[in-house]
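The values are calculated or read from the model by the stated rules, or taken from the named source; none is laboratory data. If you're wondering where the values come from, they're calculated on a predicted model, not measured in any experiment. We place every Cβ from the backbone using ideal geometry, glycine too, and count neighbours over all the protein chains shown.
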Amino acid sequence: MYYERYLMKMRFVFLILLCEIANNPWTLYAQTDPEFDISLNVDFNSAERLLDYYERFTNNSLVVVNQKGNQLAAATSVLLARTRRPSDDFQQQLERVRDNIQAETDIYGLIPAKKRVSELRKLITEAKRRQLDRKVIATIKSYFPNQINISASIPVYFVAIGNERAVAVVRRVVWKNDIPQFVGDDEGDPIIIFNLVRVLEISSNIEEQIIGIMSTLAHESFHSVFALLKQSFPDSLKPQSYTDHLLDLVHNEGIAYSLSMSIQSTGRSPSKQWFDATAKAIESFNNIFLELLSPNLTDRRARELMMNANLSGSFESNYGATAGMRMAYEIDSRLGRPVLAATLLQGAHDFFQKYYQACLQDASLPTLDERVLREIGVQEETVK
């Protein structure tokens with residue numbers, strides 16, 4: 001089963017799905033609304049310059065370091081490693097790796113790419129030829145409401161470095177003198193950073209690798225478009241507290257992973273292992289949500305809990321993303337795709353309320369704690 005393979009090989013929750021998106025029936029329902037005008041601006045330069053440096057076509061490490069994608073990937077690697085590094089650390093580690101000088105740690109993921117240069121060259125060549133961005137956009141359209149009006153070109157930087165916790169991430173960035181400044185949800189532009197090395201670790205088959213790129217890119221593209229959509233939201237829909245931020249994360253990641261799973265499954269039900277794992281994740285979510293409401297909560301503990309919601313390093317431990325995927329799956333299956341898509345405009349509270357409606361239809365579903373229900377606006381008498 002796919003999720004068994006995932007649990008064995010993936011250290012991070014971003015899904016690499018082994019099915020052909022182009023032949024997936026969900027793409028038949030993609031939006032045709034001309035107001036949904038999204039494109040992906042794909043850039044392979046960061047990965048190619050790194051490979052040039054490893055193969056000694058250039059000896060200038062700054063050419064590699066200054067590539068925008070590599071700057072983004074290096075900074076994100078430090079974040080995911082939960083450490084601090086001096087500003088020139090990435091360049092120093094890059095030079096050490098090329099010269100075969102052993103390092104204590106490889107938080108930037110430089111060594112795996114050095115070992116697989118020829119495979120990466122082949123993958124890049126094939127990815128360029130396939131023009132994957134068009135199929136990705138066709139896939140994600142059906143997960144957005146028909147009435148939205150949105151137009152954007154989203155940068156996608158394919159790199160060959162990155163912390164082992166992530167295949168791909170979306171970060172909001174403002175560029176100042178070609179140096180990235182990471183900003184909040186209401187600033188800058190969403191940018192996708194995609195580590196091609198992680199695709200090679202899933203399979204040695206080029207077709208499966210290409211499909212892995214497409215499916216993960218669809219996941220991250222959903223996040224990016226949703227981030228753009230949120231810019232027009234009123235303040236009432238924007239997170240104000242730790243619990244609000246957690247609800248928002250569960251909503252966002254949940255639909256993105258449900259999207260990925262629907263592509264992979266082609267109508268098949270997930271395994272019992274998946275249902276068991278996602279039920280435990282909802283139980284964990286309940287407990288952590290209540291902890292975030294505690295008057296004794298410290299900012300440090302809150303940040304740790306929020307980080308673990310989607311960046312803990314495993315499918316089971318990423319309680320927020322995994323719980324959200326189950327909730328989105330049940331809403332989609334029981335209430336319908338239009339209902340799920342509508343939550344993107346109504347907000348995270350609406351997403352949780354719709355999951356509660358699904359639970360009312362089937363008492364066997366993992367339940368939300370009564371305190372959670374009250375926080376999202378479900379009336380006490382209804383809960384009782």
Subset of the stretch 313-357 [over 13 Å from Phe285 (Cβ atoms) and not in a helix (DSSP H, G or I)] | Gly313, Ser314, Phe315, Leu335, Gly336, Gly347
May I ask you to list pairs of residues, at least six apart or on different chains, whose Cβ atoms are under 9 Å apart, with the first in the stretch 328-342 being of a type in the set (Phe, Trp, Tyr) and the second being part of a helix (DSSP H, G or I)?
-> Tyr329/Gly254; Tyr329/Tyr257; Tyr329/Ser258; Tyr329/Met261; Tyr329/Ser262; Tyr329/Thr278
Being among the charged types (D, E, K, R), touching a residue at least 12 places away in the same chain (Cβ under 8 Å) and within 30 Å of Ser294 (Cα to Cα), is that true of even one residue in the stretch 221-232?
-> yes
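Could you say whether any residue in the stretch 171-184 is under 30 Å from Pro234 (Cβ atoms) and touching a Ser or Thr at 6+ places or on another chain (Cβ under 9 Å)? It would help to see each step written out before you state the result.
The first filter runs over the stretch 171-184 and keeps only residues under 30 Å from Pro234 (Cβ atoms), leaving 171-176, 180-184.
Remaining after also requiring touching a Ser or Thr at 6+ places or on another chain (Cβ under 9 Å): 171, 182.
Yes, the conditions are met somewhere in the stretch 171-184.
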Those residues of the stretch 32-65 that are loosely packed, with under 12 Cβ neighbours inside 10 Å and part of a helix (DSSP H, G or I) come to a total of 1
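Would you point out which residue out of Gln102, Gln131, Gln93, Gln67 is under 21 Å from Trp175 (Cα atoms), assigned by TED's automatic domain parsing to the domain that holds Val183 and either of a type in the set (S, T, N, Q) or at pLDDT below 95 (or both)?
Values: Gln102 fails: under 21 Å from Trp175 (Cα atoms); Gln131 fails: under 21 Å from Trp175 (Cα atoms); Gln93 fails: under 21 Å from Trp175 (Cα atoms).
One residue alone meets the criteria, Gln67.
Identify all residues within the stretch 10-39 that are over 30 Å from Trp274 (Cα atoms) and either modelled with pLDDT of 95 or more or of a type in the set (Gly, Ala, Ser) (or both); write none if there are none. Even if it seems obvious, please write down each step before you answer.
First, the residues of the stretch 10-39 that are over 30 Å from Trp274 (Cα atoms): 32-39.
Matches in the stretch 10-39: Ser39 only.
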Filter result for Gly188 (at positive phi and either polar (S, T, N, Q) or surrounded by fewer than 23 Cβ atoms within 10 Å (Cβ to Cβ) (or both)) | yes
